[in-house]
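Q: One structure follows; several queries about it will come next.
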Amino acid sequence: MINLELSEAHEGAEKFLHDVALKLFRPISRKYDKQEHDVPVELAPLDRRPAAAAALAKAKAAGEVGAGAKPEKKERKKPETVQNGNNMGSVISVMQMCWGDVGLMLSVPGGGLGNAAIAAVATPEQKERFGLVYASMAITEPASGSDSASIGTTADLDGDEWVLNGEKIFVTAGGRCDTVVVWATVDKTKGKAAIKSFVIPKGTPGMEVVKLEHKLGIRASDTATILLTNCRIPKDNILGSSEVAEGDKRAAFGKVMQTFDNTRPAVAAMAIGCSRASLDLTEELLGKAGIVIDFDKPRWEMSAIEAELVRMEADWEAARLLVLRAAWLADNGEPNSLEASMCKAKAGRVGNQITLRCVELCGSIGYSENELLEKWARDSKILDIFEGTQQIQQLIVARRILELSSAQLK
Ligand SMILES: Cc1cc2nc3c(=O)[nH]c(=O)nc-3n(C[C@H](O)[C@H](O)[C@H](O)COP(=O)(O)OP(=O)(O)OC[C@H]3O[C@@H](n4cnc5c(N)ncnc54)[C@H](O)[C@@H]3O)c2cc1C
């Protein structure tokens, strides 16, 4: 049975990150919304790379990685008792930080989407090499968005090196990261099964950041276009196997898609944090105007505005519970692809609706730049677009429930 009780460590992290959101993020939120491409230097103390280096040193000392390490377990084993682990820790941390600022959370050095891919698929040797970097994730291309199976960037093996060519757009943290995880095809004739991910350190000849986007929201976060022109990387910078499965191509593609099982609940958690911020401020502002929600009051005795706030709170809670369920399943070794898409669809949509409705409810105060409500409405829009749009999540949920393939249900 799902366990929603958090461990002491998780509760501690939640409180600490709430403080970070309140005292570090909020005071600089408007500044980096205006100074779009400036690096938020105030975030340097949160850099995750030193902590990752310390964890690696500890694991090495314990003989868990490096020469003489115990053999890697092939299968993810189901824990004997139900528990909340790293996935739960990650979503509650993200919720708290995004209560502060989504764009700034995405700009914390060392915590890019590419790091999630490395953590999910890298071999122990690769984790040692790439675990200490700040990695972005480059999937989208000018002619390949929602349909990631149509990726055109190529990776050709030449001796001991892969040679990559293509253009990647809308890469979050693509300008500031030190490594990019790139999706490319090793054989265009073999479709989905030939799509693999590759780790390319910045500074590799042939890789160039050519543009930074100006955006509606999350303006503290940089979004880059990256060109790959005969970009050569070592053969063992591929994540996972280079073999192209001849049989079940869907299963082979599923391996790279597995990253989304971790990242979609995280993006849903961003929507939960951002919309919580909007609800909290709206309730505070309305409270000052004498409108206080009494959840015990019968619905028919509520004013229209009270009833609206209760409806939004209920939607928010439903979305939050779906996120926790997806994280909990992952922590307990259970498949969670369906739940990851469900929570992303619900939280993305509800996040958009709540943040915009809060602007409306607060009228001119909500619309002005004196408060952050208008900014949160702008920031939340992307959370229903990247890591798979609302429509794509609904499509995935429908396919899984109806047991139809992507060819059968488009
Ligand atoms: C700020 C920002 C940051 C981003 N960060 C990253 C990143 O770090 N890495 C990365 O790789 N990408 C990133 N992206 C890209 C993002 O993931 C894509 O924008 C997203 O996947 C949608 O692709 P698209 O923009 O090409 O839209 P399209 O795929 O062209 O879709 C356009 C519209 O059509 C709908 N649609 C498409 N197919 C279907 C269908 N079969 N049924 C019903 N409706 C459909 C979509 O839902 C959408 O509403 C980012 C984008 C932005 C704006």
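Q: Among the listed pairs LYS202/LYS381; LYS58/LYS127; LYS60/LYS192; LYS344/LYS375; LYS58/LYS168; LYS202/LYS235, give every one whose C-alpha distance is greater than 25 Å.
A: LYS202/LYS381; LYS60/LYS192; LYS58/LYS168, as the Cα separations exceed 25 Å there.
Q: Taking the C-alpha atoms of region 208-340, how large are the radius of gyration and the largest Cα-Cα span, Dmax, in Å?
A: Gyration radius and largest Cα-Cα distance of region 208-340: 22.6, 68 Å.
Q: Also: Using the Kyte-Doolittle scale, find the helices of the chain whose mean hydropathy is at least -1.0 and whose Cα atoms extend 30 Å or more along the helix's long axis, counting only whole DSSP H runs.
A: Within the chain the helices that satisfy the rule are 259-288, 304-331, 337-361.
Q: In square nanometres, what is one fourth of the surface area of the convex hull spanned by the alpha carbons of the chain?
A: Mean shadow area of the hull around the Cα atoms is 22.1 nm².
Q: From the gyration tensor of the Cα coordinates in region 117-270, what semi-axes in whole Å does the equivalent ellipsoid have, largest first, with each one equal to sqrt(5λ)?
A: Working from the Cα gyration tensor, I get semi-axes of 22, 18, 16 Å.
Q: Per DSSP helix of 4 or more residues, -39500 (n - 2.57); summed, then divided by the residues of the chain. What does that give at 222 nm, rounded to the nearest 500?
A: Roughly -14500 deg cm²/dmol at 222 nm, from the helical runs in the chain.
Q: Just how far, in whole angstrom, is region 323-337 from region 256-306 if you go by their alpha carbon centroids?
A: Rounded to whole Å, the Cα centres lie 23 Å apart.
Q: Right, another one. Regarding region 262-410, what's the average projected area of the Cα-atom convex hull, expressed in nm²?
A: 10.4
Q: At a Förster radius of 22 Å, what calculated FRET efficiency corresponds to the Cβ-Cβ distance of GLU243 and SER406, to the nearest 0.05?
A: 0.50
Q: Using the beta-carbon distance between ARG299 and LEU321 and R0 = 30 Å, what value does 1/(1 + (r/R0)^6) give for FRET efficiency, to the nearest 0.05?
A: Computed FRET efficiency for ARG299 and LEU321 comes out at 0.90.
Q: With 10 angstrom as the radius, rank ILE354, ILE293 by how many other C-beta atoms surround their C-beta, starting from the fewest.
A: Working: ILE354 29, ILE293 18.
Going from sparsest to densest Cβ surroundings: ILE293, ILE354.
Q: Which whole number of Å³ per residue matches the convex hull of the alpha-carbon atoms in region 113-152?
A: For region 113-152, the hull spanned by Cα atoms encloses 85 Å³ per residue.
Q: Taking the Cβ-Cβ separation of ARG311 and ARG49 as r and a Förster radius of 25 Å, what is the calculated FRET efficiency to the nearest 0.05?
A: With R0 = 25 Å, the Cβ-Cβ based efficiency is 0.05.
Q: Could you work out how far the C-alpha centroid of region 158-225 sits from that of region 369-410, in angstrom?
A: Centre-to-centre (Cα) distance: 22 Å.
Bear in mind these aren't lab numbers, they're just calculated from the coordinates by the rules spelled out. Because the structure is a prediction, the values reported are computed rather than measured. For neighbour counting, all protein chains shown are included, and Cβ atoms are generated from backbone atoms with ideal geometry for every residue, glycine included.
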